[in-house]
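**Q** Pasting a structure here, questions to come.
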There are 2 protein chains.
Amino acid sequence: MRFNELAQQRRSIHHFTDEPVTDEELETVLEAARWAPSAGNAQPTRFLVISDELNREMVWESTTGIEGVTPQNFIKKAPVHIIVLADTRAYKGKQSSLFMERFLFQDTSAATMNLLLAVSDTGLGACWVGMFRDEALRESFNIPTTLKPVAIIPVGHTESKEKPRPRKPLTELVYHESLSG
Amino acid sequence: MRFNELAQQRRSIHHFTDEPVTDEELETVLEAARWAPSAGNAQPTRFLVISDELNREMVWESTTGIEGVTPQNFIKKAPVHIIVLADTRAYKGKQSSLFMERFLFQDTSAATMNLLLAVSDTGLGACWVGMFRDEALRESFNIPTTLKPVAIIPVGHTESKEKPRPRKPLTELVYHESLSG
């Protein structure tokens, strides 16, 4: 399959079956994430894999109690949650404030995108969840202040036949040479 | 090719040949970027494509004059520069401050990662350049304050045989159930 086909077929999945995710499947998707680029090859991305049912309940709880945001109830059904973390110690010695303000999110997002693509290529489903209470995750899983939670990725098998959501056409997204005229 | 093979083969390219990038190649890589996910499907990512030689010189200039950072001279040789922009107007009506602080970078980085993978799949080379002076780009290309430059991606053909830089093993990156113990 050419990459563009994969990129277009991949979509956010909100329905999971009871089929477990195997260790081999998990390793495949984490392996893809590992090869993502990072600023200065600092490799700040870490992955906290949550399979235990009570622990998954605590992950779900971290998405509750946010004003104006509906709790992500669908994630309860996913047999595995991958919490993507940024290890800020990876930037030790880097002078530019861009590392903490920008590259931390860029590097971990590049790894997350690779992970989501590998999930889809492996026939699994996943969704990028960005709304959660950092502190709730920290307390539940003893995450030290040097690690910043940046995303929750519920992963599982799916029978969902939903099509990808529509996207704006390139004509609305691309400029040439200048923003003027 | 399975996705994991592509993810592992892709690498940052710093040497480009004189061969031009065709419109079809450009459309392929932008098309892949267009299908990346975004928070609430807000689709904030925009692309400013720079091919004109004098304009490319100005892109290079934006990477100069940053204390402690070597100018990215290699990008001068790339026939196309894609400046990735975040259109903050896409988040209009979103209450959470997470959109501007986190999702802006996450959404545009997901699109950038898709773009880099499509570049590699198409047989081209590219590099994610994150160190530049925003204001220099704004002035050179009339970028309004509603659009935030987040990355410069030089793209071109390459004969580089460099191998990917080494990555930490998964055993150093993955935790299970908790950070304690």
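Readers should treat all values here as calculations from the given coordinates under stated rules, not as data from a laboratory. The structure presented is a predicted model; accordingly, all values stated were derived computationally and were not measured. Heads up, the Cβs are rebuilt from the backbone with ideal geometry, glycines too, and the neighbour counts pull from every protein chain shown.
**Q** What number, rounded to the nearest 500 deg cm²/dmol, is the helix-based mean residue ellipticity at 222 nm of chain A, given -39500 (n - 2.57) per DSSP H run of at least four residues and division by all its residues?
**A** Rounded to the nearest 500, it is -9000 deg cm²/dmol.
**Q** Name the shape class, rounded, prolate or oblate, that the alpha-carbon gyration tensor gives for the range A:110-181, where a ≥ b ≥ c are the square roots of its eigenvalues, rounded holds for a/c under 1.5, and otherwise prolate holds if a/b is larger than b/c and oblate otherwise.
**A** oblate
**Q** Sort out the exposed loop GluC sites (Glu not before Pro) in chain B (DSSP loop, at most 16 other Cβ within 10 Å) and tell me the longest stretch that has none.
**A** Longest site-free region, per DSSP loop and neighbour criteria: B:68-158.
**Q** Additional query: Give the shape of the range A:3-155 as rounded, prolate or oblate, defined through the alpha-carbon gyration tensor: a ≥ b ≥ c are the square roots of its eigenvalues, a/c under 1.5 means rounded, and otherwise the shape is prolate if a/b is larger than b/c and oblate if not.
**A** Taking the square roots of the gyration eigenvalues as a ≥ b ≥ c, the range A:3-155 is oblate.
**Q** Take the alpha-carbon centre of the range A:131-174, take the same for the range A:4-38, and report the distance between them in whole Å.
**A** 12 Å
**Q** Give the nm distances, rounded to one decimal, from A:Met58 to the matching residue in every other copy, measuring between label points 7 Å along Cα toward the beta carbon; shortest first.
**A** 5.4
**Q** Measuring from a point 7 Å out along Cα→Cβ, what nm distances, shortest first, does A:Leu179 have to its partners in the other copies?
**A** Computed spacing set for this position: 3.7 nm.
**Q** May I pose another question? Under unit Cβ charges (Lys, Arg +1; Asp, Glu -1), what dipole magnitude, rounded to 20 debye, does chain B have relative to its Cα centre?
**A** The calculation lands at about 620 debye.
**Q** Please identify every one of the trypsin sites (Lys or Arg not before Pro) in the range B:50-111 that sits in a loop by DSSP and has no more than 16 other beta carbons within 10 Å of its own beta carbon.
**A** Here the sparse-neighbourhood loop sites are B:Lys92, B:Lys94.
**Q** Using the count of nearby Cβ atoms within 10 Å as a rough guide to exposure, how do A:Ile143, B:Ile66 rank from fewest to most?
**A** With the sparsest Cβ surroundings first, the list reads B:Ile66, A:Ile143.
**Q** Once the label point is placed 7 Å from Cα along Cβ, list for A:Glu162 the distances to the corresponding points in the other copies, in nm, shortest first.
**A** A:Glu162 label point versus its equivalents elsewhere: 4.0 nm.
**Q** Looking only at other chains, what is the average number of their beta-carbon atoms within 10 angstrom of each beta-carbon in A:166-173?
**A** 5
**Q** Which trypsin sites (Lys or Arg not before Pro) in the range A:1-32 pass both tests, a DSSP loop state and at most 14 other beta-carbon atoms within 10 Å?
**A** Here the sparse-neighbourhood loop sites are A:Arg2.
**Q** Just checking the output field for A:110-119: average partner chain Cβ neighbours within 10 Å of each residue's Cβ?
**A** Mean shielding by partner chains, rounded to a whole number: 6.
**Q** Here's another thing I want to ask about it. How high is the relative contact order of chain B, in percent, counting Cα pairs under 8 Å that sit 6 or more residues apart?
**A** Worked out over chain B, it gives 35 percent.
**Q** Lysines within cross-link reach of B:Lys77: Cα-Cα under 24 Å, excluding same-chain residues under 8 positions apart?
**A** B:Lys161, B:Lys163
**Q** While we're here: What is the extension gain from A:Thr64 to A:Glu159, computed as 0.36 nm multiplied by their sequence separation minus the C-alpha to C-alpha distance, in nm to one decimal?
**A** In short, 31.6 nm is gained.
**Q** Separation between the B:Lys76 and B:Asn41 pseudo-spin-labels, each 7 Å from Cα along Cα→Cβ, expressed in nm?
**A** Going by the 7 Å Cα→Cβ label model, 4.6 nm.
**Q** If you don't mind, there's one more thing I want to ask. I'd like to know which of B:His157, B:Thr112, B:Val21 lies farthest towards the positive end of the charge dipole of the protein assembly as shown, counting +1 on Cβ of Lys and Arg and -1 on Cβ of Asp and Glu.
**A** Looking along the dipole axis, the top candidate is B:Thr112.
**Q** Looking at chain B as a GNM with Cα springs under 10 Å, which of B:Phe99, B:Phe47, B:Phe16 has the largest mean-square fluctuation?
**A** B:Phe99
**Q** Can you give me the Cα centroid spacing of the range A:64-98 and the range B:81-117 in angstrom?
**A** 16 Å
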